[in-house]
Amino acid sequence: MSFLYNIIVVLLVALSFGAQEFLPAIEFANHARVLLPPVLFFSASLTVSFPMMLFLALFTGLVWDARHLPYKPEKPVAVESADLARELPVEKQPPTGTALPVGYSMFLFGVTGTLMQGIRPLFKRGRWELPVIMVGIATLLCLLIEFLMMSFLRGSFEFHPGLWTKLVTDALLAMLVSPLLLFMLHTLARLVHYEVRTEGLVYRFYGG
């Protein structure tokens, strides 16, 4: 029943973008918040095959960019966005013409999703300790790489005091929510009789 499971996961990722709009930001932590679509993607990457993970990365990345990337901005203004760079104060915004290209999120999700694929056997055995930690690390990596890319495009690397507060808080919130998402995916897989397969991830040597 992998087809049914994959369809439901794609629908859940799509719905998570709508739910993201209702999640409040934590003002004292530099407007950190639960980044629900990425966290759900990282969690789902533990359960699906590698080709399906790449499709999820493509889908999640395209919708993420369509929602958050400004198009042809006339002046540097603060944009309501869940990503790190565009939640900085106006004076920290990159100048016009330095917006990240559409599609960069697909690359970030593809790389981090590949990392999550490597620990699928742990999820299958019900060991969620490392997967939860890896969800936080993947979230931190995506935000940090995005910030570095924005800094490179604007020609200056300014690590303002609230940067690490936001990075760490976003990662911790991701780790806090991920057990619930992992439990939901585990329950869904059981309901639709979907088995998380780990063949191809680990080399098995059979002596002759």
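Would you point out which residue out of 135, 168 is out of contact with any strand residue (DSSP E or B) (no Cβ under 6 Å at 6 or more places or on another chain) and open to solvent by less than 30 Å² (accessible area, probe 1.4 Å)?
Going through 135, 168 in turn, just one is out of contact with any strand residue (DSSP E or B) (no Cβ under 6 Å at 6 or more places or on another chain) and open to solvent by less than 30 Å² (accessible area, probe 1.4 Å): 135.
Which pairs turn up if I take residues in region 4-26 that are under 25 Å from residue 191 (Cα atoms) and look for partners that are of a type in the set (S, T, N, Q) and surrounded by 14 or more Cβ atoms within 10 Å (Cβ to Cβ) with beta carbon separation below 8 Å, at least 6 apart in sequence or on another chain?
That search, which allows pairs on different chains as well, returns 5/47; 9/47; 13/60.
Based on this model, can you work out whether residue 60 counts as of a type in the set (Ser, Thr, Tyr), open to solvent by 60 Å² or more (accessible area, probe 1.4 Å) and modelled with pLDDT of 90 or more?
no
Inside region 118-131, can you point out the residues that are in a helix (DSSP H, G or I) and surrounded by fewer than 19 Cβ atoms within 10 Å (Cβ to Cβ)?
Correct list: 121, 122, 124, 129, 130.
State yes or no: is residue 200 at pLDDT below 85, more than 17 Å from residue 40 (Cβ to Cβ) and in contact with an Asp or Glu (Cβ under 8 Å, 6 or more places away or on another chain)?
Here the answer is no, as residue 200 does not meet what is asked.
Could you identify the single residue in 74, 91, 80, 87 that is modelled with pLDDT under 80, surrounded by 17 or more Cβ atoms within 10 Å (Cβ to Cβ) and over 12 Å from the mean Cα position of the chain (by Cα)?
Criteria check complete, one pass: 87.
If you scan region 11-23, which residues turn out to be modelled with pLDDT under 90 and in contact with a Lys or Arg (Cβ under 7 Å, 6 or more places away or on another chain)?
23 - this is the single residue of region 11-23 that is modelled with pLDDT under 90 and in contact with a Lys or Arg (Cβ under 7 Å, 6 or more places away or on another chain).
Go through region 1-40 and report how many residues are open to solvent by 60 Å² or more (accessible area, probe 1.4 Å), of a type in the set (A, V, I, L, M) and not in a helix (DSSP H, G or I).
Residues that pass the stated criteria total 1.
Determine which member of the set 163, 100, 172 is part of a helix (DSSP H, G or I) and at pLDDT below 90.
163
Can you confirm whether region 151-159 contains a residue that is touching a residue at least 24 places away in the same chain (Cβ under 8 Å), surrounded by fewer than 16 Cβ atoms within 10 Å (Cβ to Cβ), in contact with a helix residue (DSSP H, G or I) (Cβ under 9 Å, 6 or more places away or on another chain) and acidic (Asp, Glu)?
Yes.
The values are calculated or read from the model by the stated rules, or taken from the named source; none is laboratory data. Every value quoted in this text rests on a predicted model; they were computed, and no experiment measured them. Here the Cβ is made from the backbone with ideal geometry for all residues, glycine too, and neighbour counts use every protein chain on show. Just so you know, the surface numbers come from the protein's heavy atoms only, side chains and all, with ligands and any DNA or RNA stripped out. Shrake-Rupley method; radii C 1.70, N 1.55, O 1.52, S 1.80 Å.
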